[in-house]
């Protein structure tokens, strides 16, 4: 597996889906090698279970470690200046690392995560081996936006024996970029139903940490503070939520819009009711999901056209049995069923978000029924073992296509 992100330490909030993808494929009896850029925060051992790690260094200066780990894009809209300097170094180092690993361990399949750059790097390193590429969101946006990346993505799609996308939206956009419709399959992420589960015992603990009594409605969300998460619309919505006592909103995550969002909360008059928690571990996110009355996922397709494939927080919230309010941006609509597993609202509509939150605030029974249905759906459809089976099938297709001369 060639990737630009992987949880750098246990509980890291970056690239969280990569760890269960690699681990669940390894659990099916495969030998998995992960090639990824080094980062100052990496503390992974060389091997964990059936997964072996190969972190490559590429930057002569610490300030140039901006390749991967959600660091290359500013607010997920434009490339940082340092990324233009780091990219050639990282691509060369990544190519060499992937080539060396594929050759030394006689890789059967090259699995590139993010068509750009993971898919391109995997193809360049071992062009004669079967290729699988998985699309996660920002890679397709970069290919749509930058002509050189678009040409590289088209090359990868032409050579890939199988392509997976975490949402139908990504699959459609990849086909527009040149992916073969017959080779692409939508494979949504799984979720760790053991880590993200109903935790009624955490309710008092989390509320005590925030300093709020049990009778106060607690809303929660999590994600990088970037445009496509839509948090500005959620803050505007919170100013319209009328409960007694006044509802509290907790936002977990960090990013380029941190100061702007804090100022927006002040301007909306809700600064005292919106808590910015910073980055949380996965276990802490699970605890907050269990403690919240409502989880809001206000994702949007931002002004530049970028949108998440399927935000991790969606399945995590559903798995935790939370009452979810979400938009249909990207792949969210494929897992949140309006009135059954959550409430669906239009993008960029603070009034609609506020109305949905207000409705859930006034109906504990509705919150409970939505949460129970969501948990049941996750348990039956979105285990990582099931996801690994579908990746395994993609590997088989890629091997068969290679043998057939593709």
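Every read-out reported here was derived from the displayed coordinates using simple, explicitly stated rules and does not represent laboratory data. Nothing here was measured: the structure is a model prediction, and the numbers come from that model. Cβ sites come from the backbone with ideal geometry, for glycine too, and all protein chains shown count toward neighbours.
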message: Test of understanding: in a Gaussian network model of the chain with alpha carbons linked when under 10 Å, which of 46, 368, 138 would top the mean-square fluctuation ranking?
response: 46
- prompt: Rg to Rh for segment 202-381: what is it, with Cα atoms only and Rh by Kirkwood?
  reply: 0.92
- request: Using only Cα atoms, find the angle between the long axis of helix 282-291 and the longest principal axis of the chain, and express it within 0 to 90 degrees, rounded to the nearest 10.
  value: 30 degrees
field: Relative packing of 382-388, 239-245, which averages over residues the other C-beta atoms within 10 Å, highest first
entry: 382-388, 239-245
- request: Take the chain, connect every pair of alpha-carbon atoms lying under 10 Å apart with a spring to form a Gaussian network, then pick out the residue of 180, 259, 302 with the largest mean-square fluctuation.
  value: 259
statement: Mean 1/r over distinct Cα pairs of segment 247-289, inverted to a Kirkwood Rh in Å, yields 11.1 Å
field: Rule-of-thumb Rg ratio for the chain [Cα; 2.2 N^0.38 Å; N residues]
entry: 0.97
- prompt: By average Cβ neighbour count within 10 Å, what is the ranking of 334-344, 215-225, 285-295 from highest down?
  reply: 285-295, 215-225, 334-344
- line: Candidates 41, 61, 177; GNM for the chain (alpha-carbon contacts under 10 Å) flags as most fluctuating 61
statement: Over segment 315-400, the quotient of the Cα radius of gyration and 2.2 N^0.38 Å is 1.33
message: Given an 8 Å cut-off on Cα distances and at least 6 residues of separation, report the relative contact order of the chain as a percent.
response: 16 percent
field: Cα pair distances of segment 125-266 binned at 10 Å [whole percent]
entry: 9, 26, 25, 21, 14, 5, 0
field: Contour minus Cα-Cα distance for residue 168 and residue 363 (0.36 nm per residue)
entry: 66.9 nm
message: Using Cα-Cα distances under 8 Å and only pairs 6 or more residues apart, what relative contact order does segment 202-381 have, in percent?
response: 24 percent
